[in-house]
Structures are given as structure tokens and as C-alpha cells.
1. Please identify, among L87, L105, L15, the residue showing maximal mean-square fluctuation in a Gaussian network model of the chain using a 10 angstrom Cα cutoff.
2. How far is helix 36-53 tilted, in degrees, relative to the longest principal axis of the Cα atoms in the chain, given as a value from 0 to 90 rounded to the nearest 10?
3. What does the charge add up to near V38, with Lys and Arg as +1, Asp and Glu as -1, over the other residues with Cβ less than 15 Å from its Cβ?
4. For K24, which sequence-distant residues (separation of 5 or more, or a different chain) have an amide H within less than 5 Å of its own amide H, given hydrogens modelled in the peptide plane?
5. In whole angstrom, how far apart do the alpha carbon centroids of segment 56-105 and segment 16-54 sit?
6. In deg cm²/dmol and to the nearest 500, what is the mean residue ellipticity at 222 nm of the chain if only DSSP H runs of at least 4 residues count, each as -39500 (n - 2.57), divided by the residue total?
7. Would you mind checking the tilt of helix 97-106 against the longest principal axis of the Cα atoms of the chain, expressed as 0 to 90 degrees and rounded to 10?
8. Evaluate the Debye formula for the chain with equal point scatterers sitting on the alpha carbons, no solvent, and hand back log10 of I(q)/I(0) at q = 0.17, 0.23 Å⁻¹, in q order, two decimals.
Amino acid sequence: MDMYDDYLEDGRMALCVANAYEKKYYFNERFNAVPDSVKDELHIICVLFTEEVGGIFTIAFEDDGNVVMEINADEDDIYYDEVSSGLLISEIRRSRQELFESLRLYYRVVILHDDISELLKENE
């Protein structure tokens, strides 16, 4: 995946990506209306993840708006720890559950143009 593509190879929409190899961070401009505090939190999550685990860390949206996190690492990356990455993703998902739910709703309303009143009924 080119780090500056809005979509991943499988069609999911990238929200943000941190690349430990190139020491770069990308935030998808389609989401510029997201509050700066959320952008900052995502930036911190991504960069700290790659600092601790290595590889390329991506937060993306599936077609239905669910937020997914994935890590890709070069095969010859001796510093990448697959077990630690899985544990860290689980910890982020648990500790940032409210953030990801808010992003899911944002995606469904702003990108998919779903009816917000229907979404709020689903979440009651």
C-alpha cells in the first residue's frame, strides 16, 4: 500500500497509517473535519505503536464503518514482535473503545450518509 492512498488494497478506507521504517505518519484528509483532539490521539496511538512494535500500523474503516487495526512488517524485520503487536492491538481496542465507536458513527454519517437518527436508535 502506498502510504498516501485513501484506500487499502482490499478496498477499505484508511484513516491513518504510521510507518516505522520510513518514520512517517499519514492522516487521510477526507477526515479533516474530525476534531483536532481526536486527530492528535490517533497520531499518538499510531506512532507509539510503531515505536514499540515496529512495522506499518494502519487504522482503517471496513465497508460497514467498523474500525479495524492492522500491522504489517517486513519479513526480514528482526525487531518486529508479532505476539506483542497482537496484545497491543487488543489493549488499544479495549482502552479506546469509545473513540472507535465515535469514529464508526462519524464514518457512517459523513462518508456513507447513513441516517443519524437510525444509527442512534441502533446504539440504544
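1. L87
2. For 36-53 against the chain, the angle is about 30 degrees.
3. Numbers: positive: R30, K39, R96, R104; negative: E29, D36, D40, E41, E98, E101.
That works out to -2.
4. Amide H neighbours of K24: N19.
5. 11
6. Working: 4 runs with 49 residues, N = 124.
After summing the helix terms and dividing by residue count, I get -12500 deg cm²/dmol.
7. So the inclination is approximately 60 degrees.
8. Per q value, in the given order, log10 I(q)/I(0) is -0.87, -1.47.
Taken together, the values in this text are just the output of simple stated rules run on the coordinates, not laboratory data. For clarity, every value in this text was computed on a predicted model and none was experimentally measured. Note that each Cβ is placed from the backbone with ideal geometry, even for glycine, and that neighbours are counted across all protein chains shown.
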